[in-house]
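The values are calculated or read from the model by the stated rules, or taken from the named source; none is laboratory data. Just so we're clear, the structure is a prediction, and the values are computed from it rather than from any experiment. All Cβ positions, glycine included, derive from the backbone under ideal geometry; neighbour counts span all protein chains shown. Ligands, DNA and RNA are excluded from the accessible area calculation, which covers all protein heavy atoms including side chains. Shrake-Rupley method; radii C 1.70, N 1.55, O 1.52, S 1.80 Å.
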Amino acid sequence: MDFFIQQFVNGITLGGVYALVALGYTMVYGIIQLINFAHGEFFAAGGYVGVILLSFLAAHGIMDTHPWLGLGIALLLTMGYCAMLAMAVEKIAYKPLRQSSRLAVLLSALGMSIFLQNGLMLTQGVYDKAYPIGFTAGGWDFGNVRISLMQVLILGLTAILLVALNALVFRTNIGKAMRATAQDKVMSALVGIDSNRIIALTFAIGAALAAAAGILVGLYYGSVRYDMGFVPGIKAFAAAVLGGVGNITGAMLGGFIIGMVEIMAAAYIPHGGEYKDVFAFIILIAVLYFMPTGIMGENVDDTRV
Amino acid sequence: MRRILATITTVALLLCAGTATAKTLKIGSLSPLTGPYAADGNDIANGTRAAIAVMQAEGGIPGYDKIELFAEDTACDPRQAVAAANKLINEGVVGAVGAYCSSATIPASEALAEEDIIMITPASTSPKVTERGLPYMFRICGRDDDQGPAGVKFMKEFLKAKTVFIVDDKTTYSQGLATEVANNADKNGIKVVAHDHVNQGDKDFSAVLTKVKQANPDAFYISLQNSSSGALMMIQAKRMGIKAAFIGQDAVYHPQLMEIAKDAAEGAYLTFGYTDKATPEYKKFYNAYKKISGEPGAYSAYSYDSAYVLLTAIKQAGSTDAEKVKAEIMKLNLKGASKQLKFKENGDSGSDYVIFKVQGGKFVPFWNPSTGKTM
């Protein structure tokens, strides 16, 4: 039983990370029907900006005296930076192609992903960059189950960000404008919504969430590398599809399911550790076979963001 | 008109004569310069550079004005390794240092062997590297069947371990070594509670580490082909509260391990070839290396020795003919930067694995399997 609970905690932590990254995919898809393949790179960029900021703060002793304040500052700045990066990417690579075929935008997204990844490699080097992780070493033991401070932090922060995102989309005027734009760009423009601004904002929010995931993963695992965005990007994409692309709750759920399947496969299936990625995608294929629009997807594409 | 032609011909002849005397000795290096193993791969290329610099400072090789290195990237990929080897063949190299992953070294060495080009590996530990009977294949580092038993001996005699949990990442190298450890543990009365696998490039090891925690073994053998994967595993294992003694191997042995894992690496044991850093040979290597790339990495001294052996043999043979150079290599018995360099009939140079312990952020020589004593 302890074994199962421990694996459950592991799964939900990994799932939280996937969920945060998946939200950006789903929001962008919801609003302009684009699978933004460069999204994983915002996650990686977040990890890197995070390590640079935290190392700077650590060098000035702030991580020793006020670790949580330091982490908060780094988190906000990282999210802000990646939000701006995403708006720039949108302006350069996607906006000029808004009237073009979907394939053109998709290729542009793939190109952007390669460009950003190589940019990271050339500016930051091919080696791992280490996070200052001393202050995150704590944890609690419940019998044989150990829950580390980082696991609590990842889940707590994921929960806060998810609640905040939901409030933004369903309780504010900006959220209303986003939903309206997703439903019908032309009509919402006619009633005075600046759809270009709303689209840019959607990119910014999605990237900020991915950036938060990047910095959390950096702290959790202790280091980041330039190509760290690729695999979580693919997993989060799968999570978004699993949940029903365009659906926020679905993306969260999809993220947690993919994370959980991965961990449980590694834990209980013989040689599962080698094939855990396969199991995650088997689940994806099975769900899509029986529910082509994903778990939470609607048949008609209206209530999206 | 005739005069102009004559002048041009004369100048052209002079130029040809000029290039004919400026002879360049071309040697190659094969290692992963990009991708997850780039850290070790660049150390190998730089170690070779250091050997060339030292050889040139010592007067170079008679008949050659210059020694040039062609450093090719294998990316630890069999196909790319063969492509890189073919590139070296086209460049006309007389010998190559490399590669890094056994899975890349083996196919690359087949390509080089067809052209009778000498290959000396500083880092590939699979027994298959030298056991295929290729005439021009040599190895500076030890072998899996030396390293595995060294680790097992340490677990049995020093740690008095009764149980061991083994994890590898399914590469030719890591799996070969892990299997070697598993077989030896069995023979020595240490129970292998599990031999699990992860994927290369995995970052989340929580599932397998939970299994380790549940099994509660005396020793936890980490066979991963990457120091950063090793660091990630140590961080997560410490956080999870795993109390088993960590034992890793040469691919995890890299200064980057401590940089990333920090406190989590403290107390971990690693098997690696012993190098006496107080010898003048090591200092000569260290000073040359420092000028090129800062602090040496795990395989820097091995790759330096590989290139130094190759160049010394060419110098002594007075020829680049593979058979003559090989004869000189077999005659060598010289003090290298990493160890005494003397080759056996099959191309191996023997093992000198000892157990290192991470203490205060440093790899400290700790236990010698041949004497069974702490160092």
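Number of residues in the range A:93-114 that are in a helix (DSSP H, G or I) and without any contact (Cβ under 8 Å) to a residue 12 or more places away in the chain: the value is 6.
Among residues of the range B:102-116 that are without any contact (Cβ under 8 Å) to a residue 60 or more places away in the chain and closer than 13 Å to residue B:74 by Cα, those with a beta-carbon under 6 Å from a residue that is among the small types (Gly, Ala, Ser) and in a helix (DSSP H, G or I) at least six positions away or on a different chain give the pairs B:107/B:81. Would it be correct to say that residue A:43 is within 14 Å of chain B (Cβ to nearest Cβ) and either in a loop (DSSP other than H, G, I, E, B) or more than 12 Å from the chain's Cα centre (by Cα) (or both)? Taking the combined requirement at face value, the residue does not satisfy it.
Residues in the range B:193-237 that are more than 9 Å from every other protein chain (Cβ to nearest Cβ) and of a type in the set (Val, Ile, Thr): 3 in all.
If we scan the range B:302-317, do we find a residue that is assigned to a loop (DSSP other than H, G, I, E, B) and either open to solvent by 10 Å² or more (accessible area, probe 1.4 Å) or hydroxyl-bearing (Ser, Thr, Tyr) (or both)? Checked the range B:302-317: no residue is assigned to a loop (DSSP other than H, G, I, E, B) and either open to solvent by 10 Å² or more (accessible area, probe 1.4 Å) or hydroxyl-bearing (Ser, Thr, Tyr) (or both). Scanning the range B:265-299 for residues that are open to solvent by less than 50 Å² (accessible area, probe 1.4 Å), modelled with pLDDT of 90 or more and hydrophobic (A, V, I, L, M, F, W, C) returns B:265, B:268, B:270, B:272, B:285, B:288.
What about residue B:143, is it under 23 Å from residue B:273 (Cα atoms), more than 14 Å from chain A (Cβ to nearest Cβ) and charged (D, E, K, R)?
Answer is yes for this residue.
Figure legend. Inter-residue proximity from the range A:276-304: first residues at pLDDT below 85, second residues open to solvent by 70 Å² or more (accessible area, probe 1.4 Å), beta-carbon distance below 6 Å, spacing 6+ or different chains. Indicated pairs: A:302/A:183. So which residues in the range A:114-133 are more than 7 Å from chain B (Cβ to nearest Cβ), out of contact with any strand residue (DSSP E or B) (no Cβ under 7 Å at 6 or more places or on another chain) and open to solvent by 40 Å² or more (accessible area, probe 1.4 Å)? Correct list: A:114, A:115, A:117, A:118, A:121, A:122, A:123, A:124.
When the range A:140-155 is filtered for residues that are open to solvent by less than 30 Å² (accessible area, probe 1.4 Å) and of a type outside the set (S, T, N, Q), the ones remaining, listed by number, are A:145, A:150, A:154.
Any idea which of B:135, B:217 is buried (at least 23 other Cβ atoms within 10 Å of the Cβ), part of a loop (DSSP other than H, G, I, E, B) and over 19 Å from the mean Cα position of the chain (by Cα)?
On inspection, the qualifying residue turns out to be B:217.
Residues in the range A:20-62 that are of a type in the set (Ser, Thr, Tyr) and under 12 Å from residue A:236 (Cα atoms): A:25, A:26. Looking only at the range B:240-261, residues that are over 24 Å from the mean Cα position of the chain (by Cα) and touching a residue at least 40 places away in the same chain (Cβ under 8 Å) come to 2 in all. Residue-level check: of (1) surrounded by 24 or more Cβ atoms within 10 Å (Cβ to Cβ); (2) under 27 Å from the mean Cα position of the chain (by Cα), residue B:201 misses just (1). Number of residues in the range B:223-239 that are over 13 Å from residue A:131 (Cβ atoms) and without any contact (Cβ under 8 Å) to a residue 60 or more places away in the chain: the value is 8. For the range B:326-375, a tally of residues being open to solvent by less than 30 Å² (accessible area, probe 1.4 Å) and closer than 14 Å to residue B:268 by Cα returns 5. Looking only at residues in the range A:134-149 that are within 8 Å of chain B (Cβ to nearest Cβ) and not in a loop (DSSP other than H, G, I, E, B), the one that is farthest from the chain's Cα centre (by Cα) is A:141. Quick check on my filter: what residues within the range B:112-171 are over 27 Å from residue B:304 (Cα atoms) and among the aliphatic types (A, V, I, L, M)? B:152, B:155, B:159, B:161, B:164, B:166, B:167, listed by residue number.
Might you let me know whether the range B:272-285 holds any residue that is under 13 Å from the mean Cα position of the chain (by Cα) and either within 14 Å of another protein chain (Cβ to nearest Cβ) or not β-branched (Val, Ile, Thr) (or both)? So far as the range B:272-285 goes, yes, one or more of its residues are under 13 Å from the mean Cα position of the chain (by Cα) and either within 14 Å of another protein chain (Cβ to nearest Cβ) or not β-branched (Val, Ile, Thr) (or both).
Please enumerate the residues belonging to the range B:174-192 that are away from chain A (no Cβ under 14 Å) and buried (at least 16 other Cβ atoms within 10 Å of the Cβ).
B:176, B:177, B:179, B:180, B:181, B:182, B:184, B:185, B:190, B:192
Of all the criteria given as (1) more than 9 Å from chain A (Cβ to nearest Cβ); (2) touching a Leu at 6+ places or on another chain (Cβ under 8 Å); (3) open to solvent by less than 20 Å² (accessible area, probe 1.4 Å), the one not satisfied by residue B:240 is (1).
Every residue, every condition in (1) within 29 Å of residue A:276 (Cβ to Cβ); (2) free of Cβ contacts under 8 Å to residues at least 40 places away in the same chain, yes or no:
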site	(1), (2)
B:136	no, no
B:149	no, no
B:158	no, no
B:163	yes, no
B:168	yes, no
B:171	yes, no
B:176	yes, no
B:182	yes, yes
B:185	yes, yes
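Among the residues here, residue A:205 does not qualify as part of a helix (DSSP H, G or I) and within 12 Å of chain B (Cβ to nearest Cβ). Of the residues that sit in the range B:243-264 and are more than 11 Å from every other protein chain (Cβ to nearest Cβ) and part of a loop (DSSP other than H, G, I, E, B), which one is most open to solvent (accessible area, probe 1.4 Å)? The selected residue is B:243.
For the range B:138-170, a residue qualifies if it is open to solvent by 10 Å² or more (accessible area, probe 1.4 Å) and part of a strand (DSSP E or B), and exactly one does: B:163.
Just one of the listed residues (B:83, B:104, B:99, B:108) is open to solvent by 50 Å² or more (accessible area, probe 1.4 Å) and among the hydrophobic types (A, V, I, L, M, F, W, C), and it is B:83. For first residues located in the range B:350-375 and farther than 23 Å from residue B:264 by Cα and in a loop (DSSP other than H, G, I, E, B), partners that are modelled with pLDDT of 90 or more and among the aliphatic types (A, V, I, L, M) and lie 6+ apart or on another chain with Cβ distances below 6 Å form the pairs B:369/B:150.
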